[in-house]
Amino acid sequence: MRLGVWGSLGGAVNKMPVCSFCKNAYEFPKGTTVVQKDSSVRYFCSSKCRKNSEMGRLNKKVRWVRKSDVVKADKAKKDAAYKARKELEESEKVAKTKAKKK
């Protein structure tokens, strides 16, 4: 019986690491894991993120990270609006069926 790094006896855990620089989640076999001398672990999704971090750049000031954050925020807003619209439609359907039953 073999225990994996990301699993246990109960089954595999699908935990995706998050990049330490751009905060994107990525699949485990891809990317780079850096263990520093003080035993802290940093995950990078690409060499671009790793090199920018090593150069001391701040992710808040890098244009391509900010652009991806805006895209994520827009997607989250659209998803929230879609979910709210679906919930409203569902509640209207329930109200109509209750009205028909009376």
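Only residues that are of a type in the set (Val, Ile, Thr) and at pLDDT below 85: list them for the stretch 13-31, please.
Here is the first cut: in the stretch 13-31, the ones of a type in the set (Val, Ile, Thr) are 13, 18.
The one that is of a type in the set (Val, Ile, Thr) and at pLDDT below 85: Val13.
Yes/no matrix, rows are residues, columns are (1) basic (Lys, Arg); (2) at pLDDT below 80; (3) surrounded by 13 or more Cβ atoms within 10 Å (Cβ to Cβ):
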position	(1), (2), (3)
Val34	no, no, yes
Val41	no, no, no
Asn59	no, yes, yes
Ala73	no, yes, no
Lys77	yes, yes, no
Tyr82	no, yes, no
Lys96	yes, no, no
Report summary line: Residue pairs within 6 Å by beta carbon, gap of at least six or interchain, first lying in the stretch 28-54 and of a type in the set (Val, Ile, Thr), second outside any strand (DSSP E or B), listed first then second, are Thr32/Arg50
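The values are calculated or read from the model by the stated rules, or taken from the named source; none is laboratory data. Model, not experiment: these values are computed from the prediction. Neighbour counts are summed over all protein chains in view; Cβ atoms, including those assigned to glycine, are modelled from backbone coordinates with ideal geometry.
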